[in-house]
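To start, the structure under review is shown below, and the notes come after it.
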Amino acid sequence: MMNVLLVEDDLDLATTIVDYLEIEAIQCDHASNGLMGLNLIQSNHYQMIMLDINMPKMDGLTLCNTLREKGMDIPILMLTARDGLENKLQGFKAGSDDYLVKPFDMQELVARVQVLAKRRSGEVKRLILGDLTLDLTQHTAQLKQQTLKLSPIAFKLLEALVRASPQPLSRQHIMQAVWGDEQPDSNSLKVHIHHLRKQLDVNSSNITLETISGIGFAIKEQPKEGSS
């Protein structure tokens, strides 16, 4: 069952949404303010989040921006009575993926929830995997707080692998993600993988770049010693 989160201080509306989503086989947790929502997000896995903008303790724009700064790529749908262009632009600037103005039809809400839940957000500002942090605004990467020396191509390669982690990416998928339609010969990918491994191996960390036989490559966070 799909698992989503609603952060909304209007309890009547929240009850209606939760009940309607349940009919559509969508499990929906509810938080009545931004801080409660942040706590739930940090302790649970959700496929997407619905955020009201005007809320006590932490408003929706602040919560959305906080999640993006933390590197969370969970899709976010803003729910608000504000229908002006400036309000929508503020929502997108904070990192939301979609916007729905109240009052809305429940069928439209379900349709947007289902679409967003199938993807990861492109609005995230950082990607974090164990000791590795990618700043998608500055196009820089740090491993154990040491900046890696990466070419633009190597950064694209690393970003694609981290977004997919821990799942592997095929060579064909990587070539398309990094070079698009103007792809070099396959040796170029081997060279970039080799240099990327050298960069990751400079500092002993919990990140490994693995070759998956017959498939491609995967970047993974290794569990710390003593953890199960």
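The values are calculated or read from the model by the stated rules, or taken from the named source; none is laboratory data. As the structure is a prediction and not an experimental result, all values here were calculated from the model. For neighbour counting, all protein chains shown are included, and Cβ atoms are generated from backbone atoms with ideal geometry for every residue, glycine included. Only protein heavy atoms, including side chains, enter the accessible area calculation; ligands, DNA and RNA are left aside. Shrake-Rupley method; radii C 1.70, N 1.55, O 1.52, S 1.80 Å.
Just a few scattered comments:
- Of the residues Asp181, Asp29, Asp19, the one that moves most in a GNM of the chain with alpha-carbon contacts below 10 Å is Asp181.
- Order by protection proxy (mean Cβ within 10 Å, highest first), peptides 147-156, 55-64: 55-64, 147-156
- Computed from the C-alpha gyration tensor, the three semi-axes of the ellipsoid equivalent to region 133-224 are 20, 16, 12 Å, from longest to shortest.
- Distance distribution note for region 47-170: the fraction of Cα pairs above 17 angstrom is 61%.
- Part-to-part distance (alpha-carbon centres) for region 138-201 and region 1-52, which is given in Å: 35
- Links that overshoot a 26 Å alpha carbon limit, given the list Lys88/Lys125; Lys57/Lys118; Lys57/Lys125; Lys125/Lys149: Lys57/Lys118
- For Tyr99, solvent-accessible area (1.4 Å; no DNA, RNA or ligand), Å²: 20
- Crossing angle, helix 106-116 versus the chain [Cα axis fit, 0-90 degrees, rounded to tens]: 10
- Among beta bridges identified by DSSP and lying wholly in the chain, the antiparallel ones come to about 50 percent.
- Accessible area (Å², 1.4 Å probe, nearest 10) - His30: 60
- Region 70-185 - charge dipole about Cα centre, Lys and Arg +1 at Cβ, Asp and Glu -1, debye rounded to 20: 360
- Answer label, with mean projected area of the Cα convex hull in nm² calculated from the coordinates and candidates (1) 16.0; (2) 14.9; (3) 13.1: (2)
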